[in-house]
1. What is the magnitude of the charge dipole of the chain about its Cα centre, with +1 placed on the Cβ of each Lys and Arg, -1 on the Cβ of each Asp and Glu, and no other charges, expressed in debye to the nearest 20?
2. Can you work out the accessible area per residue across segment 164-208, with the rest of the protein chains kept in place, probe 1.4 Å, in square angstrom?
3. Give the separation of the Cα centroids, segment 230-284 to segment 21-89, in Å.
4. Can you give the extra length, in nm with one decimal, that the chain gains between K298 and T47 once fully stretched, where that is 0.36 nm per residue apart less the Cα-Cα distance?
5. Set the Förster radius R0 to 22 Å, insert the Cβ-Cβ distance between E354 and H268 as r into 1/(1 + (r/R0)^6), and round the FRET efficiency to 0.05.
6. Could you sort the peptides 293-301, 253-261 by per-residue average Cβ neighbour count (10 Å cutoff), highest mean leading?
7. What do you get for the angle between helix 152-162 and the principal long axis of the chain? Use alpha-carbon atoms, 0 to 90 degrees, nearest ten.
8. Quick one: with all protein chains in place, what share of the accessible area of segment 234-310 is carbon or sulfur, to the nearest percent (1.4 Å probe)?
Amino acid sequence: MSTVLALAPMQGILDGLMRGLYAEVGGMDYCVTEFIRVSYHPLSEGTLLRDCPELERGCLAGAGVPVHVQLLGGLPEPMAKTAELVARLGAQVIDLNFGCPVKRVNRNDGGAALLRAPERIEAIVAAVRDAVPDQVPVSAKIRLGWDSPAEVERLCAAVQAGGASWITVHGRTRVQAYSGQADWPAIARARLSTRLPVVANGDIVTPDDLARCAAVTGCDRFMVGRAALRRPEIFRVLRGQEGWWPWWRRLGLVRELLRRCTVHRPLHDTFGLGKAKGWCALMAADDPHINEVFQRLKRVQRLSEAEALLDTAIAVGRTPGPPSEDPSAARPHQARVSLPPRVAAQSSFPLPWERGQG
Ligand SMILES: Cc1cc2nc3c(=O)[nH]c(=O)nc-3n(C[C@H](O)[C@H](O)[C@H](O)COP(=O)(O)O)c2cc1C
């Protein structure tokens, strides 16, 4: 089977607008909604359509990338009733979150809190499995354990006994949260312990990481999260379709996000500004040029100013410097930082919003 790549769910960041942009960049086989929290009562149709607007479009994002709907909760009955409704609304896959480490979520019996009680994971998976049609797979996303990676086999057994179709394993415990390195050998143990396919997740950042993760875990399905926030083209790069993008092309995505936010919420400047600043901050961690732009963007209060700032930065980045000169001389705002070797734009396709640009 060929390699499967998934865009990880990321609450507070990867909403429907963002998933649409990622899907248009492409390279991934599917993406997953942010977790949709179910507490004591089943969720309404309105909530589900708000959190997964793709349900109204065949549960596909952008250029046709499947979106899996992720539910989070500790009670089998409301989870099952919500799953039944979301399947009726058109969900093609339902994923169950047993990995979220956020304290507030765990105190309310959700996410990684369930890792302490594998029998409860089994009951939730089984209730959801029973509630949705056979053709709708139910998957589970887990961590290695609450405080020990030795728990992972037992957790996989619970997910399998509940009737799930596959398991995504983030190679850290709840106690680790996001610290240290993902434990890929523990994901290998998970894979060997279950007959279900395992999706390996954690710290895949480069094509070399992907190859090493495949070698260590024996998996052929992978999920990528934080690295995709910094480098949205990562799935295309992991597939060998193109090289890393130049910084201004990533900023082009932020600019497009801003445009879509204003269409989505026309009278709400702060919505788009907040999202654009947040994404730019994440990209800035990886790139000195974007960091320079972000240092100015973060002070901007008006949407029009942000648009102008990004347009100018992108135009400067796109303009090739005279061949005989130091490229940074033509870009005074870049001159203060030491630049990594310039990566040529190797992209073979214009993105929809890039067409017609000079
Ligand atoms: C800001 C943020 C939000 C996240 N939200 C979710 C979520 O809603 N559901 C989920 O299953 N995992 C969530 N995760 C975990 C990621 O999906 C992924 O498992 C984790 O980041 C490890 O993968 P990575 O090293 O590729 O980032 C979140 C992670 C981050 C950093």
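1. Working: 44 positive and 37 negative charges, 136 e Å.
Charge dipole of the chain: 660 debye, to the nearest 20.
2. Working: 1840 Å² over 45 residues.
In whole numbers, segment 164-208 has 41 Å² accessible per residue.
3. 22 Å
4. Working: separation 251, 0.36 × 251 = 90.36 nm, distance 3.13 nm.
So the chain would gain 87.2 nm between K298 and T47.
5. Details: r = 26 Å, r/R0 = 1.18.
Taking R0 as 22 Å, the efficiency between E354 and H268 is 0.25.
6. Numbers: 293-301: 16.3, 253-261: 20.4.
Going from most to least packed, we get 253-261, 293-301.
7. Between helix and principal axis, roughly 70 degrees.
8. Numbers: 1710 of 3230 Å².
For segment 234-310, the apolar C and S fraction of the accessible surface comes to 53 percent.
The values are calculated or read from the model by the stated rules, or taken from the named source; none is laboratory data. Bear in mind that the values here come from a model prediction, so they are computed numbers and not experimental data. Heads up, the Cβs are rebuilt from the backbone with ideal geometry, glycines too, and the neighbour counts pull from every protein chain shown. Quick note on the areas: whole protein, heavy atoms, side chains included, nothing else; ligands and nucleic acids left out. Shrake-Rupley method; radii C 1.70, N 1.55, O 1.52, S 1.80 Å.
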